[in-house]
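Please read the structure below before turning to the comments.
Read the figures in this text as sums done on the coordinates, not as results from a lab. Only a predicted model underlies this, so the values are computations on that prediction, with no experimental measurement involved. Because the Cβ atoms are built from the backbone with ideal geometry, glycine has one as well, and the counts that use them run over all protein chains shown.
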Amino acid sequence: MTEAAAIMEQASPIPHVLIFPLPVQGHVSSMLKLAELLSLAGGEGGIRVTFLNSDYNHKRLIQFSDAESRFRKYPGFQFKTIDDGLPMDQLTKGEKVLDLMREMGLKTRPIFKDLLAQMDPPVTCVIGDGVLGFIRDVSVEVGIPIIRFRTVGVSCFWINFWLPEIIEAGELPVQGNGDMDRMITKVPGMESFLRCRDLPGYCRVSADDQVLARIVRTTRESSSSPPSPLILNTFDDFDGPILAQVRHLFPKTYAIGPLHEHLKSRLQGTTTTSSSSNSLWKEEASCLTWLDTQPPGSVLYVNFGSITVMRREQLVEFWEGLTSSKNRFLWVIRPGLVSHEEELDGDEIPEELVEGIEKENLKVLVGWAPQEAVLSHDAVGGFLTHSGWNSTLESIVAGVPMICWPFFADQQVNSRIVSEVLKLGLDMKDVCDRRVVERMVNELMVEKKEEFGRKAVEMARMAKESVKEGGSSYENLELLIEDIKLMSSQARELKGCKSSNNIS
Ligand code: UDP
């Protein structure tokens, strides 16, 4: 910092927030949206933001998105990078995400602690990914206030919180396949709809499983006294009943989503572009051109996100079900979607799924789509999704009903909320059969099109209202900004006292 800047800083201290996500696409993307919202935050001096990306993800972000030039417009913003402990050769997918979290706890933790100590101007508040417990531990150790951001659905967080009670009551572990439809009674607010099948994917293990134990520890720590503030990417009209429960235990809960819509709304009327791609993949816009040729509401969009892996026979079941449904569809197949990429060459995999194809009524794109733009395209009338939280919110904002085929973690419960609680679509979890695919696609796109469509449009309206001035998420973000300022000045005072104590 220059001498002049240091003097200004003393006269009018500006909060300095460090944001640190788990290095996978969905977490990086939503936390970057928050970073941009905070960078936009006006008021005296604004907020300084440092975004801590993993080395590998940062290389990809710079290569494939406009994030670098977009953030250059915010003078108080900077990127920093950190080693995530894994070899720098590919993005993490499938169950490897759990290894990533463990490695980071071991290898990244000490590097993070050194980095925090060296930051100039000093960090006054950390916003850490809620699944990385070490971010909280280190921040507490060095005396910096911590806010935890749970990028997944709040229902998953709430279930995690009650896991000890569920286990104690003998409701976990699940006793085999025949037990999957048993109701879970120990999660307040979810007694009427939560089955074993809908518990987060990592609950399908023995009760003494190490991963489960770590998840319980990480969640319960945030209720230590006083519990750390909590940021959630949801909105009151969507998750109201569960949010009310969460707020009893975590009074400082900020539901400020859907973040992508919130950012878009606040950027309106500024000179900054309103498209904010945070993609770690090269986006193929050709699918939008194809969508332009399709009738309104006619296309089912199929995409399983950045982490899902499936077996080759599952890929074939989807293909057969989709083609025999006779509906139009756009299927975006991420390279690496099938467990072992080389197996994609196997004889039984239709060539269209390996090479991609474009016809009048269907398109298979092997690559990565600009998903927000696809979902908001007029031609799209349904979404076959893995129920990742960001995909779910993007579909909700676009008013597009869903068929849910959850892969892991929060996706199992997200799909239950979408189908059973909010009636925004159908849940296909634990089944991958061409006849079921065909039946559900027809139900969503033809037989119950109007019924689902009406509900989806209404939810989209509420999502958009929530981020407008006076809406719940808008107001919650204002409160969060106030609190960041307050926490930052309290942290500075405390540090000032400590250093003056040290001097004397
Ligand atoms: N996404 C995208 N293009 C694709 C697939 C996914 O832009 O072809 C984006 C999608 O819009 C979402 C994110 O990647 O924002 C995926 O996050 P989500 O939480 O839905 O699932 P995850 O990938 O973490 O399982």
Exercise. If the limit is 21 Å between Cα atoms, which of 33/282; 359/429; 326/363; 33/73; 80/495 go over it?
Worked result: 359/429; 80/495
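For region 13-142, just say rounded, prolate or oblate: build the C-alpha gyration tensor, square-root its eigenvalues into a ≥ b ≥ c, call rounded for a/c under 1.5, and beyond that prolate if a/b exceeds b/c, oblate if not.
Cα axes put region 13-142 in the oblate bin.
Which longest uninterrupted range of the chain lacks any trypsin sites (Lys or Arg not before Pro) assigned by DSSP to a loop state (not H, G, I, E or B) and surrounded by at most 16 other Cβ atoms within 10 Å?
74-181
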Problem set entry | Rounded Å value of the spacing that divides the Cα centres of region 449-472 and region 304-338 | 29 Å
Exercise. So, with +1 on the Cβ of K and R and -1 on the Cβ of D and E, and no other charges, what is the size of the charge dipole of the chain about its Cα centre, to the nearest 20 debye?
Worked result: 1180 debye
Problem set entry | Cα shape, the chain, gyration tensor, a/c 1.5 rule | prolate
For this session: Would you tally the net charge around residue 172, using a Cβ to Cβ cut-off of less than 11 Å, leaving residue 172 out, and scoring K and R as +1, D and E as -1?
Result: -3
Exercise. Rounded to the nearest 5, what % of the DSSP beta bridges within the chain are antiparallel ones?
Worked result: 5 percent
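Once you charge only the Cβ atoms, +1 for Lys and Arg and -1 for Asp and Glu, what is the size of the charge dipole of region 118-196 about its Cα centre, to the nearest 20 debye?
Working: 6 positive and 10 negative charges, 34 e Å.
Value, rounded to 20: 160 debye.
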Problem set entry | Karplus-derived HN-Hα couplings along region 457-466 (A = 6.51, B = -1.76, C = 1.60, θ = phi - 60°), whole Hz, x at Gly and Pro | 5, 5, 5, 4, 4, 5, 4, 5, 4, 5
Exercise. Along the positive direction of the dipole of the chain (beta-carbon charges: Lys, Arg +1; Asp, Glu -1; about the Cα centre), which of 457, 367, 76 reaches farthest?
Worked result: 76
Seminar exercise, completed: Out of 480, 298, 21 - ranked by how far each Cα lies towards the positive end of the dipole of the chain, with unit charges on the beta-carbon of charged residues - the top one is 480
Exercise. Assigning unit charges at the beta carbon (Lys, Arg +1; Asp, Glu -1) and nothing else, what dipole magnitude in debye, to the nearest 20, does region 193-257 show about its Cα centre?
Worked result: 160 debye
Exercise. How much net charge surrounds residue 83 when only other residues with a Cβ under 14 Å from its Cβ are counted (Lys, Arg +1; Asp, Glu -1)?
Worked result: 0
Exercise. What spacing in nm lies between the two simple spin-label points modelled at residue 468 and residue 483, each 7 Å away from Cα in the Cβ direction?
Worked result: 2.6 nm
Exercise. So what J values fall out for region 62-77 if you push phi through Karplus, 6.51 cos²θ - 1.76 cosθ + 1.60 with θ = phi - 60°, rounded to Hz, Gly and Pro as x?
Worked result: 5, 5, 10, 10, 9, 4, 4, 6, 5, 6, 4, 6, 9, x, x, 9
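Would you mind classifying region 397-451 by shape? Square roots of the alpha carbon gyration tensor eigenvalues, ordered a ≥ b ≥ c; an a/c under 1.5 is rounded, otherwise it is prolate if a/b is larger than b/c and oblate if not.
Verdict is oblate for region 397-451.
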Seminar exercise, completed: Of the residues 357, 251, 414, the Cα lying farthest along the dipole of the chain towards its positive end, which is defined by charges on the beta carbon of Lys, Arg, Asp and Glu, belongs to 251
Exercise. What's the center-to-center distance, using Cα atoms, between region 369-413 and region 245-295 in Å?
Worked result: 12 Å
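Among residues other than residue 103 whose Cβ falls under 12 Å from its Cβ, what is the net charge (Lys/Arg +1, Asp/Glu -1)?
Residues near residue 103 contribute +1 overall.
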Problem set entry | Estimated distance in nm for a label pair at residue 451 and residue 490, the labels positioned 7 Å out from Cα along Cα-to-Cβ | 5.0 nm
